[in-house]
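Novice: The structure follows.
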Amino acid sequence: METINVGVLVYGGGMSGMACAAFATEAGAKTLIAEKQTEIGGPSNYPAGMFWGPQTYDKLRYWVLPGDVILQKAWMKNYLSAVQWMRDNGVPTAKRFDGIMTIGTTWQSFELPKSQWVKGYRYRVSNQNSHLHDLHQNRIRSSHANALFTNTSVLRLIQKGPGVPGSTVIGAITCQVTPNSPSTYYEVQAELVVLATGGLPRFSRYYKVCRTRRR
Ligand SMILES: Cc1cc2nc3c(=O)[nH]c(=O)nc-3n(C[C@H](O)[C@H](O)[C@H](O)COP(=O)(O)OP(=O)(O)OC[C@H]3O[C@@H](n4cnc5c(N)ncnc54)[C@H](O)[C@@H]3O)c2cc1C
């Protein structure tokens, strides 16, 4: 098994993982992203492209009372500047308005030829998150030291003290699947391991519906 040494291993190439890897790269870290799907982006390839973002902290608490207070405050404090960062970097964004989905990347819908309708569903909705992912990918690929592996699952985390609760994670065993070839296993050793695997893949039935609709 080949060993790869990096500064930052990001496990999951969805919205959070891509952003994290892009900023780690910019800060000078040698970064590797392992994404188990064929495409990066995860479920963020399917949404309407608007942030679920209330106008005030009180509204956020009203709607998401069980949410983590520290995270909610951090999110309210930072999300407008994050949107401004996207605008400054050419990602198309909508104007802010008062509603549950308040702002974000814009979306377009296309009418499909009849032969491509799925169960009478005649539109393909394409959100503009791809601009954001392209931006992150370009930053990650701007250095040859970095790598973005798709079709690659993290199978097992490696701890400094194997099996010791709370022991630091120092890497992972990953498996890259290539059609018609044997799978390739890597031991990735990293100074920092970021788990950005989201929560949705647990709801695989829902995810499958989203994929079908997109075609
Ligand atoms: C249909 C739909 C509509 C939505 N609409 C909106 C909306 O309009 N506004 C909004 O704010 N949010 C919306 N969301 C939610 C939003 O998409 C998610 O909150 C966001 O994508 C979460 O990002 P994430 O990076 O944390 O996780 P994810 O996007 O789930 O990314 C996790 C990634 O990790 C990968 N992964 C998992 N396990 C492994 C492993 N073992 N090894 C390697 N990779 C792994 C997954 O394949 C995935 O790509 C919507 C979601 C869906 C499905």
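Read-outs: derived from the displayed coordinates by stated rules, not from any lab. This one's a predicted model, so the numbers in the text were calculated from it and none came from an experiment. Counting neighbours? That spans all protein chains shown, and the Cβs are built from the backbone with ideal geometry, glycine included.
Novice: Before anything else, pin down the relative contact order of the chain: Cα pairs under 8 Å, at least 6 apart, normalised by residue count, whole percent. Walk me through the numbers on the way to the answer.
Specialist: On the way: 386 pairs, mean separation 66.2, N = 215.
The normalised contact order for the chain reaches 31 percent.
Novice: In terms of modelled amide H atoms, which long-range or inter-chain residues lie less than 5 Å from the amide H of G171?
Specialist: I158, A190
Novice: Please state, rounded to one decimal and in Å, the Kirkwood hydrodynamic radius that region 1-124 gives when every pair of distinct Cα atoms enters the mean of 1/r. Spell out each step's value before the answer.
Specialist: On the way: mean 1/r = 0.0572 Å⁻¹.
This gives a value of 17.5 Å.
Novice: Where does the longest stretch of the chain lie that holds no chymotrypsin sites (Phe, Trp or Tyr not before Pro) found in a DSSP loop with 14 or fewer other Cβ atoms within 10 Å? Show your work: numbers first, answer last.
Specialist: Values: sites that count: F97, W117, F203.
Counting only loop sites that pass the neighbour cut-off, the longest clear stretch is 1-96.
Novice: Please build a GNM for the chain, connecting alpha carbons under 10 Å apart, and tell me which residue among A147, A74, A172 fluctuates the most.
Specialist: A74
Novice: So, in nm, how far is label Y185 from label W52 when the simple model puts each one 7 Å beyond its Cα toward the Cβ?
Specialist: 3.8 nm
Novice: Give me the base-10 log of I(q)/I(0) for the chain at each q in 0.12, 0.14, 0.16, 0.18 Å⁻¹, Debye formula, one uniform scatterer per Cα, rounded to two decimals.
Specialist: -0.78, -1.03, -1.25, -1.39
Novice: For L148, what residues show an amide H to amide H distance below 5 Å, using hydrogens built from the backbone and excluding near sequence neighbours?
Specialist: I33
Novice: Going by how many other Cβ atoms sit within 10 Å of their own, how do V10, V193, V188, V164 line up, fewest first?
Specialist: Details: V10 29, V193 21, V188 24, V164 9.
Lowest to highest Cβ neighbour count: V164, V193, V188, V10.
Novice: So, one more: Mean residue ellipticity at 222 nm from the helices of the chain, using -39,500 (n - 2.57) per DSSP H segment of n ≥ 4 over the full residue count, to the nearest 500 deg cm²/dmol? Write out the running numbers ahead of the final one.
Specialist: Working: 5 runs with 63 residues, N = 215.
Dividing the helical sum by the residues of the chain leaves -9000 deg cm²/dmol.
Novice: Working from Cα positions, state the angle (0 to 90°, nearest 10) between the long axis of helix 69-88 and the longest principal axis of the chain.
Specialist: Its long axis makes an angle of about 80 degrees.
Novice: So what's the angle, to the nearest 10 degrees on a 0 to 90 scale, between helix 129-141 and the longest Cα principal axis of the chain?
Specialist: Approximately 30 degrees, to the nearest ten.
Novice: Find the lysine pairs in the chain meeting two conditions, Cα atoms under 24 Å apart and a separation of 8 or more places or different chains, and report how many there are.
Specialist: Summing the qualifying lysine pairs gives 9.
Novice: Also, quick follow-up: With a cap of 13 neighbouring Cβ atoms within 10 Å, and only residues DSSP puts in a loop, list the GluC sites (Glu not before Pro) found in region 1-100.
Specialist: Working: sites: E2, E26, E35, E39; in loops: E35, E39.
Passing both the DSSP loop test and the Cβ count: E39.
Novice: If you don't mind, another one. Grab the Cα-Cα distance for V118 and W75, subtract it from 0.36 nm times how many residues apart they are, and report the gain in nm with one decimal. Can you show the working numbers first?
Specialist: Values: separation 43, 0.36 × 43 = 15.48 nm, distance 3.72 nm.
Fully extending the segment from V118 to W75 adds 11.8 nm.
Novice: Hey, rough spin-label estimate for W63 and N89, points 7 angstrom out along Cα→Cβ, what's it come to in nanometres?
Specialist: 2.4 nm
Novice: Same structure again: Taking the Cβ-Cβ separation of S167 and A145 as r and a Förster radius of 22 Å, what is the calculated FRET efficiency to the nearest 0.05?
Specialist: Efficiency, rounded to the nearest 0.05: 0.20.
Novice: Further question: For the charge dipole of region 1-147, defined by +1 on Lys and Arg C-beta atoms and -1 on Asp and Glu C-beta atoms about the Cα centroid, which residue among L65, A22, N146 has the Cα displaced farthest towards the positive pole?
Specialist: L65
Novice: OK, next. Give, as a single signed number, the net charge of other residues whose beta carbon lies under 11 Å from the beta carbon of T152, with Lys and Arg counted +1 and Asp and Glu -1. It would help to have the intermediate numbers written out before the result.
Specialist: Working: positive: K36; negative: E35.
Summing Lys and Arg as +1 and Asp and Glu as -1 gives 0.
Novice: Now a separate question. Determine the distance separating the Cα centre of region 51-67 from the Cα centre of region 78-92; give it in Å without decimals.
Specialist: 20 Å
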